[in-house]
Every structure is written in structure tokens, then in C-alpha cells.
Amino acid sequence: MSETHPVLGQLALGYCPMVGRDGTVVATRLSVFPAAPDAVPDPKALLDALQPVWPADQAPSAAAAAAPPRPLERPSGTREGTVGRAPVVLNIAGEAALEAMMRAAPGPQVMLEIPAFMATDPARQDTLRALRDAGTPLLIKGRPLQTLTPEVLACFSHSIVDVEDERRTETPPPAGVRQVTTVQSGVRTSADADRAFRRGAVAVLGWTLDDPLPAPSGRQGVPPDVSAVLDLIAGLERGEPPARLEGVLRRDPTLAYRLLRYLNSPAFGLSAEITSFGQALMMLGEQRLKRWLLLMLVNSARDRRDGAMTYAAVRRGVLMEELGRALDDEDASGEMFVCGVFSLLDRLLLQPLEALLAGVPVPERVRLALEGETGPYHAYLELVRAIENGAVFDIREGTERLLLSPAEVNRALLAALAAARQIG
């Protein structure tokens, strides 16, 4: 995604996952903050900028989108599922900007969040019905202060309720009492998510990054398949000969099979078949091969942690790499990819970061960012965390600190989200 749309210079973007009951990411919530509270970025230009990330031709038909709401699901064969509707949910800050998007009637390409005070405004009810008729899936955000009419309520697929505003108990409602299905926002821990699902939420919005960090457990090392990938990454860092690295693979035939299948997959885009690790190293080079080993490492951890953490690690690594392109230093952008992925490795593998880094000689600039919260990559990592949290003031401050423009940061984010959807 090399093109930068002018609209990307007029806003700040943040994102987080929408996670279903089974732990898989069913959609991405993209928060849009105009440069000023009353600014109105061109809604059609914004939708055009999102098109390469979430193509409109992958959205359901208008008829399907207008159908009665279904439980959140991840269709088979997709890397990101849908909220029964579309793979991206737009959370637009600013009443004027949201009204402009509502008038644009984006159709089934996106889901659109509508604050409760707008949903209860009689002057906006014709617009809500027009959105429904255009096939745009809607979510009502917050608790309305007055009862919605059945006709208006029928415009919404789900309600979004923040953890702090939750009033439901874990006791099911009486039989015959109709409730709009709920998506819980503001989730910061696994316990938050568990409580939300016990109360009947169909999905949660947010990261579980406030969970306690893994503590030393006395267990011996990491699982064998993860250990083998770490050995290969460490061997590449130490510059060991391909024959030595081939030996690691010979000790784990399953890993060798997975690696070669991965490298020869259509997504990898190689013109010639790779039959050995040495050949992979020769054709790809150390940095590119290391990148894909890191992605394999994340995939190896997929069964050990919820899908949102895998989603986060892949996107954090790719976003760090995209931001690093501004440095015009290939080594630096490659190291920033490592930095992004490794910053969540402790949560993925449930091992202390210090213990994991002890087994892999990561570049010094990466170590400074992860262990000492210093060095040239630390400010980039802080900016990425602000984007993940949708902290608009921190996003703007981090952007200025790094002498980047909002357009550069937003282009990098959308390019990272597009690339990551192809990876996993």
C-alpha cells in the first residue's frame, strides 16, 4: 500500500480487535479521530483509503447485510471473520464527521457505531432507516436514555456497552424478555472478557494487555516446537552455517515440514520450490528468513493464547516495520519488526521476557527497547501502543516526537493491517 490518500493527513487512527466467544478475532474496530472536533474528513475518501485493507467486494450483499442479526461468527476460510456482517467496525469520534459518514451510506463494506444519543434523536431516524436499507450494519454504542421504538431498534445488529457501564448480571434474563445482543467494550484483562461472556456478550472489544505478566514458573524451558524455532532464530543471529541450522530441523521433522510448506505456499510468492533450509537462506537472505521464522513462532503459540494476542503480535511487528521505513534503513526496519513481535512474546509463550531473550541474541537496539525502555526503537513502540489503545493525544504526541506526519503514520497503520490480514 504505497499510495497515501490526502484524507489520511486529516485524522488520527487507532485500532483494536473484536473477539468472539471462541477466542478468535472476528473483526477490527478502527477508531477515527478528526484533526479537530468539528472537522469533517471526506467520508468517501476515507472509505476509499480503507478499500485496500477491507475490500468492498469481500463484504456481504446488501440483502444479506439487511437480514436479521446473527451471532458473531468467523466464516471458514477467512483470516478475519465478520461480525455477521463486515470485517471492520468504524468508531468515528466527532458528531459532524459521523453524520457525514452516515449520509454517505457506506453499505455493507463496514459496520458503523452510532452513539445512543443519536439513535434516540427523532431527526436522525430517517437516516438510520436509510442506512439499514443501504445494507450498512449498525451498532448502537452506549445505553439510550429512552426506549427505542421497535422500528429504530431493528436498524441495529448489536449494542456496544462499556465494562464500566455494564449492569447485567450473570443470571439469564427471564424467558420471553427480548434483549439486543451485546458487544462489551473496554476489556483490558482476560477476567473482563470471561465475565462479559458469562453475562451473555457475543463479543468483546479490546486487548487483554493488563493481565499480570508471566512469572518464573520453574518449568523447564519452552515447548519443543517453540524451542526449535528460537534455536533457528538464534543461529541466524550468530551467523552459524546453514549445515548447523539444518541439524536443528533434522531433530524436529514436524517443524521442517511446516517450515518448507510455509515457504512454498502461494502466499509467500516464490517462483522456485524450496527444498532445504540452506536453500531458503540462500534465496531469501537472513533478514527475510528471520522475519518468517518469527511469524512461525507466533503461529506456534496460537494454541497457547487467545487469538487476540496472536493478532496483536503480528500487527505490532508489521506496523513497527512500516514505521521504520521512514528511516530508509533496511536493517533498522527489519529489527523493528523483531522488536514489535518480541514485545508480546512473553504473553504469547507464557514465559518471562528476560528468559526468552536470554536464549536469542536479539539486536542491541531491540534489547534496549524491550528490556530498558530506551534506545532508538522505544519511541516507535510507544507510538504503536498508543495506536492500539486509541489514545489520540498520545498518538499525536508520539507522531510529533518522531517527526512523522499523521499521513505517514496512518498510511503505515493501514499498510500493516492489510499485510497482516494476509499473514494471519
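Tabulated results
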quantity: Whole-number accessible area per residue in Å² for the range 363-408, which is evaluated in the context of all protein chains at 1.4 Å; calculated: 51
quantity: Whole-number percent relative contact order across the range 243-379, with pairs defined as alpha carbons under 8 Å at least 6 apart; calculated: 16
quantity: For the range 338-424, projected area of the alpha-carbon convex hull averaged over all directions, nm²; calculated: 6.3
quantity: Rg(Cα) / (2.2 N^0.38 Å) computed for the range 228-353, rounded to two decimals; calculated: 1.05
quantity: Surface accessible to a 1.4 Å probe, per residue, for the residues of the range 316-357, Å²; calculated: 30
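The values are calculated or read from the model by the stated rules, or taken from the named source; none is laboratory data. Keep in mind that this is a model prediction, so the values were computed, not measured. The accessibility values were calculated without ligands, DNA or RNA, using every heavy atom of the protein model including side chains. Shrake-Rupley method; radii C 1.70, N 1.55, O 1.52, S 1.80 Å.
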